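Okay, structure first, notes after.
The values are calculated or read from the model by the stated rules, or taken from the named source; none is laboratory data. Only a predicted model underlies this, so the values are computations on that prediction, with no experimental measurement involved. Note: ideal-geometry Cβ built from the backbone for every residue, glycine included; neighbour counts use all protein chains shown.
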Amino acid sequence: MNWKLIFQLSLFGLVMAFGTISLIPDKIEPLFWLAIFIVVGYIIAKTCTQKIFLHGFFVSMFNCVWIMIAHVLFYRSYAQHHPEMVNMFSTNPLHNHPRVLMLITGPFIGAFFGLFQGLFAFIISRFVKPNITK
């Protein structure tokens, strides 16, 4: 596993973590993530020769850490700009503790999207050959 690459690619998630607090609206956020999934998948396909799916999966898990930290620390601003998310939290038993709810659900969401990121990387690797330098 190329942990340096995984960490570096997760910095897209760090940018998105802060971008989604107040700059990027919910309606266009999926477009940003789709672009990131494609770019990250391409970079993994060009860089890695093995465990391509796992590289994509772990990038998404690191992304989840960045997002959880940013959204928990800046919850008030996040909640102000994402009222539909606050409404969704209101039906949960932990509705009075949204930060705790984010910490609990974050890894599951990260793993779910990690499956997609890993799949993107794997599919792209079937069309793109890695740069192998000796």
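Annotations for the structure displayed:
- When Leu119, Leu54, Leu94, Leu101 are checked against the criterion of being surrounded by 15 or more Cβ atoms within 10 Å (Cβ to Cβ), at pLDDT below 80 and not hydroxyl-bearing (Ser, Thr, Tyr), Leu101 stands alone in meeting it.
- Residues that are part of a loop (DSSP other than H, G, I, E, B) and buried (at least 16 other Cβ atoms within 10 Å of the Cβ), drawn from region 13-50: Ile24, Cys48
- Checking each residue in region 3-12 for being crowded, with 16+ Cβ neighbours inside 10 Å and among the polar types (S, T, N, Q) picks out only Ser10.
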